[in-house]
1. Name the residue from P63, F89, L587 whose Cα lies farthest towards the positive end of the charge dipole of the chain, charges +1 on Cβ of Lys and Arg and -1 on Cβ of Asp and Glu.
2. Calculated from DSSP H runs of 4 or more alone, at -39500 (n - 2.57) each and per residue, what is the 222 nm mean residue ellipticity of the chain, nearest 500?
3. I need the phi-derived Karplus couplings for the stretch 380-396: 6.51 cos²θ - 1.76 cosθ + 1.60, θ = phi - 60°, integer Hz, Gly and Pro marked x.
4. Count the net charge of all other residues whose Cβ sits under 10 Å from the Cβ of F464, scoring Lys and Arg as +1 and Asp and Glu as -1.
5. Note down the net charge around Y598, summing +1 for each Lys or Arg and -1 for each Asp or Glu among other residues with Cβ under 12 Å from its Cβ.
6. Taking one equal scatterer on every alpha-carbon of the chain, how large is log10 of I(q)/I(0) by Debye at q = 0.06, 0.09 1/Å?
7. For each of V265, V78, count neighbouring Cβ atoms within 10 Å of the residue's Cβ, then give the residues from fewest to most.
8. Can you list residues from other chains, or at least 5 along the same chain, whose modelled amide H is less than 5 Å from the amide H of K284?
Amino acid sequence: RLNATTAVNNFRATNKPLNFMDEKPTDLFGCNVFNDKVMKERLPKNVYKSLKRTIDMGDKMDPSIADTVASAMKDWAVSKGATHYTHVFYPLTGLTAEKHDGFLVPDGKGGALAEFSGKLLIQGEPDASSFPSGGLRTTFEARGYTCWDVTNPAYILENPNGTTLCIPTAFVSWTGEALDKKTPLLRSQQALNKQAQRVLKFFGKASDERVVSFCGPEQEYFLVDRNFVLNRPDLQICGRTLFGAPSAKGQEMEDHYFGAIPPRVLSFMMEVERELYKLGVPVKTRHNEVAPGQFEIAPIFETSNLATDHNQMVMTTLKEVALRYGMVCLLHEKPFAGINGSGKHVNYSVGNATLGSLFDPGDTPHENMQFLVFCAAAIRAVHKYGALLRATVASASNDHRLGANEAPPAIMSVYLGEQLTDIFEQLKKGGAKSSKTKGDLRVGVDTLPPLPMDAGDRNRTSPFAFTGNRFEFRAVGSNMSIAGPQVALNSMLSESLDYIATSLENCVKPDLSNLNECVSKLLQDIVKKHEAVVFNGDGYSEAWHKEAVEKHGLENLRTTPEALPVLARKEVKDLFVKYEVFTERELDSRQNIYLEQYVKTVMTEAQLVIRMARTMIFPGAVRYQNELAETCANLRAIGKDCVMTSLDDLTAKLRGLQKAANDLEELLGQHFDDLQAEATFLCEKVLPKMLEVRSFADALEVVVADDLWNLPTYQEMLFIK
Ligand code: ADP
Ligand code: MG
């Protein structure tokens with residue numbers, strides 16, 4: 001451990017400094033992307049147009065253009081040094097997967113040609129048998145196909161030794177069932193568009209231009225010097241510390257948040273941004289976060305599909321570039337106990353280029369009516385499907401963060417801010433005539449005056465907060481794919497918009513003369529039924545947890561084993577099946593896979609707790625015990641008294657550690673046939689026992705001689721320089 005500290009001290013970056021003067025960021029941006037500009041240059045006009053219609057309007061893809069596109073893509077990639085291509089896909093592990101194939105094909109005359117056909121572009125067949133399928137595939141039908149996602153651009157991934165053409169794809173079984181995160185997202189976008197258009201029709205805004213969801217994910221992460229990580233099996237294997245006494249200084253001074261960024265970290269950030277610029281990821285903000293060693297990166301929002309792929313690239317790039325600077329990037333939701341964990345705020349809105357965000361209050365009464373309808377749809381959706389939303393962010397690692405007074409509680413509520421809350425209050429009474437905040441603000445719907453952009457203060461404790469022109473879903477974990485939450489949001493919202501459209505279709509006369517009346521009545525109904533989900537107070541407070549459940553009937557699903565069964569509820573199945581986002585089988589498979597992931601994660605951690613307790617913590621402490629005992633013996637040998645309370649104390653802690661580790665081992669010996677029962681057991685019995693082992697270890701850490709302690713400490717790891 002002390003060698004690690006020396007190594008940290010001796011670290012010098014070896015890479016060439018970046019130079020943004022000769023290499024302009026504006027030129028860099030998107031230079032490795034097969035983007036609109038490249039397509040326009042390299043594709044025949046009719047092919048380009050056909051492709052654009054699919055990308056922009058969601059038109060059916062025409063497979064006959066694939067050969068031409070493939071050939072242009074290959075030439076472009078080869079001109080950038082590519083030797084291989086890969087279909088990139090997003091299996092249910094939440095990670096990014098790729099299988100590389102070479103362009104080179106022997107020409108039969110002893111030479112070779114670079115080849116890439118439309119068939120290879122459109123479809124790939126990775127050996128899918130090792131990806132989780134949750135019962136969708138048995139090994140004898142292990143086929144899985146990757147299928148070109150035309151709507152996201154192909155790109156080049158650089159490596160010092162060459163480059164690879166990457167093609168975003170969906171991943172499906174040979175029966176067409178979704179095995180990935182992307183397919184359901186695309187399906188949910190389709191559903192959303194359909195229902196949104198039905199509603200927009202009443203406001204004269206329906207069009208061929210698809211309504212999509214947008215997302216701007218704020219990504220939090222920790223940086224730790226790699227020398228320390230190499231000495232922490234827990235960080236290496238689990239991504240979080242299973243042991244560690246608090247540092248004398250934690251985050252209580254609040255001196256890290258938005259503070260000056262340490263030079264090594266800033267260098268790292270710049271290189272991350274440079275890599276991401278090249279890939280066309282519009283990264284925008286960087287800053288220190290609340291916990292020491294914690295930082296954030298956020299891009300400008302994009303359509304959900306693109307934002308989701310880009311967020312995966314952000315995570316991969318963060319990890320990779322950190323190594324170049326002698327650091328490890330931790331994306332785990334709770335790498336260190338006692339200080340803040342990392343989340344991912346998913347800023348979410350729906351709309352399109354022409355309409356902007358449909359959650360934007362706008363500045364004309366007519367648009368405000370439209371806004372109120374979409375906003376009410378969101379409120380209704382979160383009230384009806386809050387438990388589902390909660391289930392989409394359930395994971396073993398996120399459990400350590402949600403509800404821990406640093407992240408929103410597991411109770412899903414909506415923050416509207418004072419102004420909007422007031423307006424909805426008035427709508428409830430049937431379309432009020434004035435607002436309490438602004439003298440004569442009229443909210444009789446058609447006469448609604450402009451709403452200020454900043455409709456309220458910020459509230460950091462709400463899981464789902466209205467922030468001016470979007471909602472911010474804050475319960476998502478830093479490590480997760482953002483696809484799941486967005487699939488749920490799109491589907492829930494589709495259901496609400498469907499409800500609204502149907503109700504208006506039944507009420508509004510063909511000449512729209514009674515539109516205002518119908519909307520008023522509908523909004524009044526929705527507010528009455530669903531206002532229980534609106535909460536503007538302190539989401540961290542005990543009082544709210546009690547009130548939410550007892551008074552408002554909201555659910556508090558604290559842990560993953562409690563939250564995942566939601567996916568099997570009838571209303572959830574009905575929702576996804578109706579809007580053709582998941583089949584029942586696909587949904588079951590998800591529940592299975594996520595439960596299995598939970599079980600595997602906790603099991604791995606528990607086994608490592610035992611291993612580390614016995615092989616790293618116990619030996620160090622015993623050596624110290626021995627030193628103390630020897631001292632005592634020596635003292636007695638020269639006729640001095642020896643009353644050594646520290647020795648007794650140490651011995652008691654060592655016994656406690658041993659016993660707790662043995663107990664934990666015994667717990668792990670239990671066998672289960674049922675995944676759900678196993679997950680619940682791990683959650684209720686094993687996790688607390690792991691904490692018990694830890695409590696003895698952490699107590700030892702603060703008494704054992706520093707030079708005998710094997711594990712890098714919180715203090716060493718957290719204050720990265
Ligand atoms: P803060 O930390 O103050 O919440 P940031 O600027 O870090 O805000 O991040 C806000 C994110 O929200 C950015 O990714 C931004 O692009 C995104 N965003 C802004 N407007 C919208 C919108 N209409 N829909 C979705 N995301 C949006
Ligand atoms: Mg935010």
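1. Result: P63, furthest along the dipole toward the positive end.
2. Per the formula, -14000 deg cm²/dmol.
3. Result, rounded to whole Hz: 4, 4, 5, 5, 6, 10, x, 5, 5, 4, 4, 5, 6, 10, 7, 7, 4.
4. Result for the neighbourhood of F464: 0.
5. -4
6. -0.41, -0.89
7. Going from sparsest to densest Cβ surroundings: V78, V265.
8. A298, I300
None of the figures in this text is laboratory data; all of them are computed from the coordinates on show. Not measured: the values here are computed from a predicted model. With ideal geometry, Cβ positions are generated from the backbone for all residues, glycine too; neighbour counts draw on all protein chains shown.
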